[in-house]
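**Student:** Before I ask anything, here is the structure I am working with.
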Amino acid sequence: MDPIGRRPATLRPATTSAQSEARPVATAAKTTATNAVDQVGRSTFDAPVVKAAAAQPIPGAWRGGPDTEVGKAIAGMINRMRSSDAAGIQLKGDTIESLFTRAIIDNKHVTNDQLLAMTKMTVDQLSDGPEDSAKILKKIPNARELPAHKFTVAMLAAATGVDPKALSQASPGLGMTGAPDVFIFAAPTEGLQRSTALHDFTDYLRGAGLKGMNKAVWGVENRVLSAIVSAVGGGRY
């Protein structure tokens, strides 16, 4: 049997070895944790979500650059639509901006001169007038509260630059289907509401003195015929 004094010496190397192996592991773990904390700090600081979103492009670039008269006019129209209280309203999948862009801005039958003329319209030119307003509100008392009215007012106000509240007050018939002298009603379907909104947009401008808008969008200038084309889903856009 080995002397007692020899036995502890055989255990010491094993203990020392275990401690030596443990130290690098602990150091590596600490380093990894520190790097992870640093990385979290950097990721939070540099996260893409805190960066400003890229500005949305303005439609109609083919009509003229941003420094041209028509380019500035279009930019004003689109920016007013994007900031409108009615920007979130949709009719048959269209917002005021998407319908206006497709049917007016991207419509090659609509001229730059017509777009510029829109910006010179006044609320008085676009008004239903006291007599027609009274007839409309008698048949549709809540006309101004309906989505189709708010949609149409917002689109026309943004295109012309007139105050939307003043336009709604002056023209309760915007977005209503028909005419106060014959029959007028709130369209029951979004498809008819959308076509009415666009036809009111073009026809109120025609009534205000801007000729050719009905023909540019519907293919015919006459008020009644263009309304029929609109109702059956026709158009040049």
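Nothing in this text is a laboratory measurement; each read-out follows from the coordinates by a stated rule. Quick caveat: nothing in here was measured; it's all calculated off a predicted structure. Reconstructed Cβ throughout: ideal geometry from the backbone, glycine too, with neighbour counts over all protein chains shown.
**Student:** FRET efficiency for Asn112 and Glu145, Cβ-Cβ distance as r, R0 = 35 Å, nearest 0.05? Mind dumping the intermediate values first?
**Tutor:** Numbers: r = 36 Å, r/R0 = 1.02.
The formula returns an efficiency of 0.45 here.
**Student:** Now a separate question. What is the order of Glu97, Glu145, fewest Cβ neighbours within 10 Å to most? All intermediate terms of the calculation are to be shown ahead of the outcome.
**Tutor:** Numbers: Glu97 21, Glu145 10.
Sorted ascending by nearby Cβ count, the order is Glu145, Glu97.
**Student:** For a 26 Å ceiling on Cα separation, which of these pairs sit above it: Lys92/Lys215; Lys135/Lys215; Lys150/Lys211; Lys120/Lys150; Lys138/Lys211; Lys108/Lys165? Mind showing how you got there, number by number?
**Tutor:** Details: Lys92/Lys215 23 Å; Lys135/Lys215 28 Å; Lys150/Lys211 24 Å; Lys120/Lys150 22 Å; Lys138/Lys211 30 Å; Lys108/Lys165 31 Å.
Over 26 Å apart, Cα to Cα: Lys135/Lys215; Lys138/Lys211; Lys108/Lys165.
**Student:** OK, next. Counting only residues 5 or more places away or on other chains, whose amide H sits under 5 Å from the amide H of Ala179 once H atoms are built in the peptide plane?
**Tutor:** Amide H neighbours of Ala179, under 5 Å, 5+ apart: Ile184.
**Student:** Now a separate question. Report the Cα centroid-to-centroid distance between segment 83-108 and segment 194-237 in angstrom, as an integer.
**Tutor:** Between the Cα centres of segment 83-108 and segment 194-237 lies a distance of 16 Å.
**Student:** I've got another one for you. Write down the radius of gyration of segment 61-231 and its Dmax, each obtained from C-alpha positions, in Å.
**Tutor:** For segment 61-231, the Cα radius of gyration and maximum Cα-Cα distance read 14.8, 47 Å.
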